[in-house]
Protein chains: 2
Amino acid sequence: MKNFVRIPRDLGHAIRQARLEKNLTQADLDTRSGVWQEMISKVEAGRGGTKLDTILALLAALELELLVRTRSKGSTSDIDSIFG
Amino acid sequence: MKNFVRIPRDLGHAIRQARLEKNLTQADLDTRSGVWQEMISKVEAGRGGTKLDTILALLAALELELLVRTRSKGSTSDIDSIFG
DNA sequence: TACGTTTATGATCCTTAGACCATATGGAGA
DNA sequence: TCTCCATATGGTCTAAGGATCATAAACGTA
């Protein structure tokens, strides 16, 4: 599993995907991440500006890791058209 | 450039590193990301729980990309991920 | 060392994330 | 259809993020 994150929703998708792959309910994830079920629902749907800490807690609980790296030349993004 | 992000400070480091490589001041980044210089200072230092949106704006402006993926079993230490 | 630039702090005000409880909605199965 | 379980919504309250301005501290360098 490897996904790019450009907008919050991307993260939400990755999180939901990983959670389902592990057969966990949002309540389960709540328990092991310390993030409330209601919050998880929001995050997965990409609703609201979640804090980094919350995201990291969820990723850790799902055994997902986050990476930053220089954008590969091929990848497109709106910023290209603005500052390219 | 490729760094793992486990705690907010990891992101801060990556951001500062990328900014300096591009010879940008925090004020420059402010201009092109829309994120205030004061906020950038905080983020780079890993102080405070920044919102995902703020982070994504900075990464986009620095041409960095964020990825989520399942944690590799040979999970490296922080040191490894930074200097590996 | 004094100046100019860059980065860090501090204060205020407004907005919102997050803790928390309750409930509504949605889906799968008996 | 009626239950169960899962997920989404909604409200309250508090702590904190973020916009913004001003300034202090740090760093280079002439």
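The values are calculated or read from the model by the stated rules, or taken from the named source; none is laboratory data. The structure presented is a predicted model; accordingly, all values stated were derived computationally and were not measured. Using ideal geometry, Cβ is built from the backbone for each residue, glycine included, and neighbour counts are taken over all protein chains shown.
Table for the structure above
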read-out: Top-ranked residue of segment B:44-64 - restricted to ones that are at negative phi and not hydrophobic (A, V, I, L, M, F, W, C), ranked as farthest from DNA strand D (Cβ to nearest atom); value: B:GLU44
read-out: Number of the condition not met by A:ALA45 [criteria: (1) surrounded by 14 or more Cβ atoms within 10 Å (Cβ to Cβ); (2) more than 20 Å from B:ARG71 (Cα to Cα)]; value: (1)
read-out: Selection count where residues are near DNA strand C (Cβ under 9 Å from one of its atoms) and basic (Lys, Arg), scope segment B:20-74; value: 3
read-out: Which listed residue is crowded, with 19+ Cβ neighbours inside 10 Å, touching a strand residue (DSSP E or B) at 6+ places or on another chain (Cβ under 8 Å), at pLDDT 95 or above and not basic (Lys, Arg), from A:LEU66, A:LEU59, A:LEU29; value: A:LEU59
read-out: Qualifying residue in segment A:9-20 (condition: more than 9 Å from chain B (Cβ to nearest Cβ), within 12 Å of DNA strand D (Cβ to nearest atom), on the phi > 0 side of the Ramachandran plot and surrounded by 14 or more Cβ atoms within 10 Å (Cβ to Cβ)); value: no
read-out: Failed criterion for A:ARG32 (all others in (1) in a helix (DSSP H, G or I); (2) within 14 Å of chain B (Cβ to nearest Cβ); (3) not acidic (Asp, Glu) hold); value: (2)
